[in-house]
Amino acid sequence: MIKNMDDLLTHGDTDVREPLLAVADTTLERIRADRIVRDRVGIRGNLLIVRDRKIELNFRDIYVVGFGKASVPMAAEMERILGDRLSGGMVNSPYPAKLSKIEVNVTSHPYPDRKTLEASLKILEFLKSVGKEDLVIVLLSGGASSLFEVPVEGLTIEEEAKIIKKVMLEGADIIELNMLRIALSKVKGGGLLDYIYPARCVSLIISDVIGDPKFVGSGPTYSQEYNVSTILKKYDLPVNLGKKRKSGHKCENVVLADNGYALKVACEVASSMGYAVKLSRNAMLGEPSSMARKILDEMRNFRGIMIWGGETNVKVEGNGIGGRNQELALYLSGGVRGCKMGFLCVGTDGIDGPTDAAGGIVDGGTMKRLEDMGIDVECELARHNSYFVLKKLGDLIITGYTGTNLADICVGYRL
């Protein structure tokens, strides 16, 4: 999964790097979305088994729709599981693919655009044919908020994207962001259910959200509404929103995997390799700088592999390029100088910020190497320019799209 693993082992402390890379690479392979669906969804006789649920397949037609960074591998596996029972389907994805019965629309991330709107309207048009004797299976994963969107009346997709970009760059947390997205959308916050009705709806979710899964992809299959006046005021957004009608339709929402699942797999992987393993109880939240201090404090008296999960958020100030995992890794490098210790921070989806990297790796020699290169790391961090620094070091983690999205993982190792 890590495409540049060999290059990452040509420099730095390989005694530290090898375990970090081995644990991360194997974990990413084991948490691929197709493997998750295969393990947790199946057919037994005339029953569709979804974890502990049993759904009798007495429907006229079965359709699949989906959106998110993991929509293609999830859809491919559902095609295999359902076989001839599947009547057809359509998914929105950030990358192209060719499936047998399910059409793939390529849409935009991290902000919705005209391409997103056209593909999303195409899915809604597709759903017009469903009836009360049908089953619609929704495949939902992180990234769906931008990959599937139809804005409320009076708001263009370009205006919505501008609003979302503004609050993201100003450091809005994921809850604020999703509440705002729901208020701006016809299809989020359960809005999609109005288009699926009167068919039965089952949603299979691979969650990148820490906490309530109703915010995955801004909850298109979870009926919900919020008063966002405080958020609009906080971020100085001159938007007039009418009252949004809450959908009265229902969907069976089933979480197939989340960040906790990814952390469990990572611990199993590290343990199977013979390392002492500890899973932190502290989720990665807040600014990378403050989270780095907490991680270093936890790791100080532990030898072995320690694992954290979650998502920090960066309030961007300056014109640098980077991502939350790259920034967290660099902050951590300052606390391991001269030590037989290191960290690997990675987004499980393979994309960290507006870059081609998934994250970064640092060790006890990172700060000395930066000094030798004449790079002022504090200055670059103040500019949120972590990508530049890690690229110069040759310490970016490159995976491309991984086919999953279970938030972020940080792996620490101390000899």
Using 7 Å Cα-to-Cβ label points, what is the residue 11/residue 372 separation (nm, one decimal)? 0.8
When the chain is fully extended, how far beyond the present Cα-Cα distance does residue 49 get from residue 126, taking 0.36 nm per residue of separation? 25.2 nm
Identify the GluC sites (Glu not before Pro) of segment 300-383 meeting these criteria: DSSP loop state and at most 14 other C-beta atoms within 10 Å of the C-beta. 317
Amide H contacts under 5 Å for residue 89, placed H, 5+ residues apart: 64, 103
When 379, 201 are arranged by how many other beta-carbons sit within 10 Å of their Cβ, fewest first, they go 379, 201
In the chain, what % of DSSP beta bridges are antiparallel (nearest 5)? 50
For segment 87-104, Karplus couplings with θ = phi - 60° (6.51, -1.76, 1.60), whole Hz, Gly/Pro x: 8, x, x, 7, 9, 9, 9, x, 9, x, 6, 10, 10, 6, 10, 10, 7, 10
Using a Gaussian network model of the chain whose springs link C-alpha atoms within less than 10 Å, name the residue from 219, 45, 309 with the highest mean-square fluctuation. 45
Descending principal axes extents, segment 54-186, alpha-carbon based, whole Å: 48, 28, 27
What order do you get for 233-243, 346-356 when each peptide is scored by the mean count of other beta carbon atoms within 10 Å, highest first? 346-356, 233-243
Let me have the 222 nm mean residue ellipticity of the chain computed from DSSP H runs of 4+ only, each contributing -39500 (n - 2.57), with the sum over all residues rounded to the nearest 500. -10500 deg cm²/dmol
Give me, ordered by chain and number, the residues 5 or more places off residue 351 or on other chains with an amide H under 5 Å from its own placed amide H. none
So who's got an amide H within less than 5 Å of the one on residue 284, skipping anything under 5 residues away but keeping other chains? H placed 1.01 Å off N, in plane. 309, 310, 311
Once phi is turned into θ = phi - 60°, what whole-Hz ³J(HN,Hα) does the Karplus curve with 6.51, -1.76 and 1.60 give for every residue of segment 47-59, x standing for Gly and Pro? 10, 8, 9, 10, 6, 9, 9, 10, 10, 6, 8, 10, 9
Arrange 84, 25 by Cβ neighbour counts within 10 Å, fewest through most, would you? 84, 25
In segment 33-257, if every C-alpha pair distance is counted and binned at 5 Å from zero, what percent goes to each bin? 1, 7, 16, 20, 21, 16, 10, 5, 3, 1, 0, 0
The chain - Debye-derived log10 I(q)/I(0), Cα point model, q = 0.08, 0.10, 0.13 Å⁻¹: -0.44, -0.68, -1.07
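Bear in mind these aren't lab numbers, they're just calculated from the coordinates by the rules spelled out. What you see is a predicted model; the values in this text were computed from it and never measured. Neighbour counts are summed over all protein chains in view; Cβ atoms, including those assigned to glycine, are modelled from backbone coordinates with ideal geometry.
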